[in-house]
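Asks: Take a look at the following structure, please.
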Amino acid sequence: MTADGLDITILGPAFLAGLLVLATHVPLGREVLQRGIIFIDLAIAQIAGLGVIVAHVMHLEESGVAMQLVAYAAALAGALSLYGCERRWPEIQEAVIGTTFIVAASAGILLLASNVRAGEYLQELLVGQILWVDYVALLPVAVLYACVLVLWYLLRGTQRPLMFYLLFAVTVTASVQLVGIYLVFASLIMPALAVRNTGRYATLYACVLGVLAYSVGLVISAILDLPTGAVIVLCLAVMAVLTGWTVRTAGAH
């Protein structure tokens, strides 16, 4: 155990990345919960990840424009397909979402079957490398998220199903490459679950919960030298449970 890992030049950009993710994922997560399509984020995140894997197999420059275009195109195609399914077969939407996730994950594994770094690459995709981000890399993500939030609140994204799916796709695609699939799902669903019965200030409470979880997770992972994404996921889970328990206890009185 050591405090040597508490380097602000590393933890600062990582914390900012967490704030950016929470700014978009909290409102999107609450809408996902409201719609009852809990695993859509996993499905679209996995499709976006598949796009990144395809670009990798094509030997496109990592983080280059071509790779980004492939990833976003894959996520948008997946989102449009799921939107079409919701309109035509709403009764089997969750089954289709689950199937989509499994198919995309299996396709990614097959594409990387001959890659000697396949295990490492898949782990990065799932758990992310939030400690490797820097302020320069966060700038385009911040601009993208700002556009998403403007469209979400000013154009009433919650009332436009197609807009919801498209905004969800571009947001999750950026987030997967920033923090990994697991942390994307945790940031979307866990705060939303914890505050679902807290009334008009639910979004604010969810953001506070998320900020605390990211802060504690970053510090713990730095001190104990543990995988940061996994630690933050567990911190989100613990704080979500404590928040839910507090809300129920307060309601009982």
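Asks: Starting from the Cα-Cα distance between residue 238 and residue 107, subtract it from 0.36 nm times their residue separation and give me the gain in nm to one decimal.
Replies: 43.9 nm
Asks: Through the Karplus equation 6.51 cos²θ - 1.76 cosθ + 1.60, θ set to phi - 60°, convert the phi angles of the range 104-110 into ³J(HN,Hα) values in whole Hz; use x for Gly and Pro.
Replies: Going residue by residue, I get 5, 5, 5, 4, x, 4, 5 Hz, with x marking Gly and Pro.
Asks: Now, a different point. In terms of the Cα gyration tensor, with a ≥ b ≥ c the square roots of its eigenvalues, is the range 90-134 rounded because a/c is under 1.5, prolate because a/b exceeds b/c, or oblate? Write down the numbers at each step before the final one.
Replies: Values: a/c = 5.03, a/b = 1.60, b/c = 3.15.
Oblate, since a/c reaches 1.5 and b/c is not below a/b.
Asks: Alpha carbons only, please: Rg and Dmax for the range 107-253, in angstrom.
Replies: Using the Cα atoms of the range 107-253, the pair Rg, Dmax is 17.3, 59 Å.
Asks: Separate question: Relative contact order, percent, of the chain when contacts are C-alpha pairs under 8 Å separated by at least 6 residues?
Replies: Details: 329 pairs, mean separation 80.0, N = 253.
Relative contact order comes out at 32 percent.
Asks: Then there's this: With each pseudo-label sitting 7 Å past Cα toward Cβ, what's the residue 61-residue 89 distance in nm, one decimal?
Replies: With each label point 7 Å from Cα toward Cβ, the separation is 4.2 nm.
Asks: Same structure again: Amide H to amide H under 5 Å from residue 37: which residues, 5+ apart in sequence or cross-chain, H placed 1.01 Å off N in plane?
Replies: none
Asks: Another one. Using semi-axes √(5λ) of the Cα gyration tensor in Å as the read-out, say which of [x] 33, 20, 19; [y] 32, 24, 16; [z] 26, 25, 17 was calculated from these coordinates.
Replies: [z]
Asks: Residue 163 versus residue 121, label points 7 Å from Cα toward the beta carbon: distance in nm?
Replies: 3.8 nm
Asks: Further question: What order do 248, 200, 160, 117 take when sorted by accessible area (1.4 Å probe), most exposed first?
Replies: 200, 248, 160, 117
The values are calculated or read from the model by the stated rules, or taken from the named source; none is laboratory data. These numbers were taken from a predicted model, which means no experiment stands behind them. Cβ coordinates were reconstructed from backbone atoms using ideal geometry, including for glycine residues, and neighbour counts include every protein chain displayed. In case anyone asks, the SASA skips ligands and DNA or RNA and just uses the protein heavy atoms, side chains included. Shrake-Rupley method; radii C 1.70, N 1.55, O 1.52, S 1.80 Å.
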